[in-house]
Amino acid sequence: MNPDLDALKPYPFEKLAALKAGVTPPEGLTPIPLTIGEPRLAPFAAALEALTAHRQDFARYPATAGTAELRAAIAGWAMRRFALAGLDAETQVLPVNGTREAIFAFVQAALDRTRPAKVAMPNPFYQIYEGATLLAGGEPLYLDATAESGFRPDLDRVPAETWRDVQLVFLCSPANPTGAVTPLAEFEKLIALADEHDFLIASDECYSELYLDEAAPPPGLLEACARLGRHDYRRCLVFHSLSKRSNLPGLRSGFVAGDAELIAPFRRYRTYHGCAMSLPVQQASITAWNDEAHVRANREAYRETFAAVTEVLSPVMDFPAPEASFYLWPAVPGGDDEAFTRALHAETNVSVLPGSYMGRVGSSGTNPGSGRLRLALVAEVEATVEAAWRIRRFIERNPRC
Ligand SMILES: Cc1ncc(COP(=O)(O)O)c(C=O)c1O
C-alpha cells in the first residue's frame with residue numbers, strides 16, 4: 001500500500017475514544033455529546049420530497065459536471081448571496097458530493113509534485129486539509145489562529161521566503177473550530193499575496209449560512225474578488241455545502257466555484273475519480289439552493305441555543321463571542337483540555353472535544369488548540385443547555401480542572 005498513508009494522523013475522534021476508554025460515567029445521567037459537528041435540526045423537507053419524486057433517475061448515470069439546471073441554481077444562489085456581478089454556470093461552477101470530498105480531491109488535482117509544495121492552513125483546522133496535503137505529496141504549513149490574532153491565521157507572520165514554496169492556502173470562514181469570520185480586507189490581503197507569490201486560495205465556506213447577526217452575513221472569497229473587480233476569480237475557489245445550511249449532511253451535496261482555469265482541470269480529474277452527483281440528489285439540491293426560508297429558521301434556532309448556552313457558561317469560562325458556525329471555543333479554567341475532557345465525561349456524561357486534537361504545534365511553537373475545547377451546539381436546545389449546566393457545575397466543583 002501507499003506508504004504516504006502512514007503519514008496520516010489519527011482522527012480527533014479516534015483520540016477522543018482512546019482518552020475516554022475505561023471511564024464509566026455515572027448511571028442515570030443521559031449522555032450528551034457536544035463532539036460531532038452534525039446538525040440535528042430537521043432536514044429541509046422539500047429537498048427530501050424532490051429526492052423521492054426523482055428516484056427513478058437513480059436508473060441513469062449522472063455527468064461529472066452536473067446538470068445545467070443545478071449549476072444555474074448554484075450560480076444564482078452564489079451571485080445573490082455574495083453580490084457577484086457574474087458567475088458563469090458553465091465554466092465557474094462544479095457540483096461536488098459535499099465539501100469534504102471536494103477539498104480532498106482538489107488538493108490531489110492542484111499540487112505540482114515536481115517542485116516544493118507547501119499547503120498553508122489555519123491551525124487549529126478541519127483535519128481533511130492536512131490529510132489531503134500529505135496524500136498529495138505536499139507539506140502542511142500551520143498558520144496559528146490564536147486569541148492575539150482574533151482566532152484567524154496571522155498572514156503577516158509568514159516570511160516571504162516561506163510563501164515562495166506555498167502552492168495552496170486554505171482558509172476556513174466561518175471557522176471550525178473557532179467560529180471566527182474572515183473580514184473582506186483579509187481576503188483581499190491574501191489575494192494580493194497569492195498574486196505576488198503565485199499560489200491558489202481554497203476558501204472553505206461550508207458554515208457561511210450559520211451566522212448569529214441576521215444583518216451581518218459573513219463575507220466570502222468570491223465577494224472579495226468581485227469588490228476588487230476580479231471577475232475571473234483568478235487563483236480563487238470557494239467550497240460550499242448543503243450539510244449545515246439545510247441540515248442535509250447525509251445528502252452529500254455541495255459545490256466549488258471560482259476560477260474557470262481551476263475548475264476545468266478539476267472537472268477532468270473528477271471524471272477519472274468517478275464522483276458525479278446522482279440525479280435525484282441534484283434535484284434535491286436545486287430545491288435547497290432555491291430556498292432561504294428554511295435557512296433563516298435554522299439560524300433562528302442556533303441563535304436561541306447560543307444565547308442560552310452563553311448565559312450559562314460565560315460566568316465560568318472565557319470564549320470568543322461567537323459570530324458564526326455552531327461551535328463554541330472556550331478556554332478550560334485549569335489549562336489542560338485533555339484532563340478536563342476526561343474528568344467532565346467521568347463526572348457528568350457530557351462529551352466534548354479537546355481543542356489540542358484539532359491543532360498541531362505550529363508557527364508560534366505551541367499547539368494553539370491546547371487549553372481549549374470545541375463544543376458543537378447542535379443538539380436540541382434543552383439538551384444543549386442541560387449540557388452547559390453540567391459543565392458549569394463541574395467547573396464550580398473543580399475550579400482548577
Ligand atoms: C470546516 C469544515 N469543512 C468541511 C466539512 C465537510 O462538510 P461536508 O462534506 O458535509 O460538506 C466540515 C464538516 O464538518 C467542516 O467542519
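Coordinate-derived values only; no laboratory data. None of the values given here were measured: they were computed from a predicted structure. Ideal geometry is used to build each Cβ from the backbone, glycine not excepted, and the neighbour counts take in all protein chains shown.
In which sequence would GLU292, GLU214 go, from the one with the fewest C-beta neighbours within 10 Å to the one with the most?
Working: GLU292 13, GLU214 10.
In order of increasing Cβ crowding within 10 Å: GLU214, GLU292.
By the gyration tensor of its Cα atoms, with a ≥ b ≥ c the square roots of the eigenvalues, what is the shape of the range 279-401: rounded for a/c under 1.5, prolate for a/b over b/c, or oblate?
Prolate shape, in that a/c is at least 1.5 and a/b is the bigger ratio.
For THR162, THR30, THR287, which order do you get if you count the other beta carbons within 10 Å of each Cβ and list the fewest first?
Ascending Cβ contact count within 10 Å gives the list THR30, THR162, THR287.
For the chain, how many pairs of lysine residues have a Cα-Cα distance under 26 Å, where the two are 8 or more positions apart or belong to different chains?
The result is 5.
Run the numbers for HIS197 and ALA321: contour at 0.36 nm per residue of separation, minus the present Cα-Cα distance, in nm.
Value of the extension gain: 41.2 nm.
Tell me which residues come under 5 Å, amide H to amide H, from PHE255 once H is placed; ignore anything under 5 positions away on its chain.
VAL96, HIS240, SER241
Spelling out what I want: for every residue of the range 239-244, take phi, set θ = phi - 60°, compute 6.51 cos²θ - 1.76 cosθ + 1.60 (Karplus), and round to whole Hz; glycine and proline get x.
So the Karplus estimates, Gly and Pro as x, are 10, 10, 8, 8, 4, 8 Hz.
Where is the GNM fluctuation largest for the chain (alpha-carbon springs, 10 angstrom cutoff): PHE44, PHE58, PHE255?
With Cα springs under 10 Å in the chain, the top fluctuation among PHE44, PHE58, PHE255 is at PHE58.
Report the antiparallel proportion of the DSSP beta bridges in the chain as a percent, rounded to a multiple of 5.
45
Based solely on its DSSP helices, what 222 nm [θ] is calculated for the chain when runs of n ≥ 4 H residues each add -39,500 (n - 2.57) and the sum is averaged over all residues, nearest 500 deg cm²/dmol?
One gets -12000 deg cm²/dmol as the mean residue ellipticity at 222 nm.
Taking the chain as the reference, fit the longest principal axis to its C-alpha atoms, fit the long axis of helix 337-348 to the helix C-alpha atoms, and give the angle between the two in degrees, 0 to 90, nearest 10.
60
Under a Cβ-Cβ cut-off of 12 Å, what is the net charge of the residues other than ASP259 that fall near it, where Lys and Arg count +1 and Asp and Glu count -1?
Neighbour charge sum, excluding ASP259 itself: 0.
Under a point spin-label approximation (7 Å from Cα along Cα-to-Cβ), what is the CYS275-ARG227 distance to one decimal in nm?
3.1
Once the Cα atoms of helix 293-313 and of the chain are each reduced to a long axis, what angle between those two axes, in degrees from 0 to 90 to the nearest 10, is obtained?
Compared with the principal axis, the helix lies near 30 degrees.
Using only Cα atoms, tell me the angle between helix 68-82 and the longest principal axis of the chain; keep it within 0 to 90° and round to the nearest 10.
It works out to around 60 degrees.
With a cut-off of 8 Å between alpha carbons and a minimum separation of six or more residues, what is the relative contact order of the chain in percent?
Normalised by residue count, the contact order of the chain is 26 percent.
Show me, for the range 19-27, the HN-Hα J-couplings you get by feeding each phi into the Karplus relation (A = 6.51, B = -1.76, C = 1.60, θ = phi - 60°), rounded to Hz, glycine and proline as x.
Rounded to whole hertz, the list is 5, 8, 4, x, 8, 10, x, x, 5.
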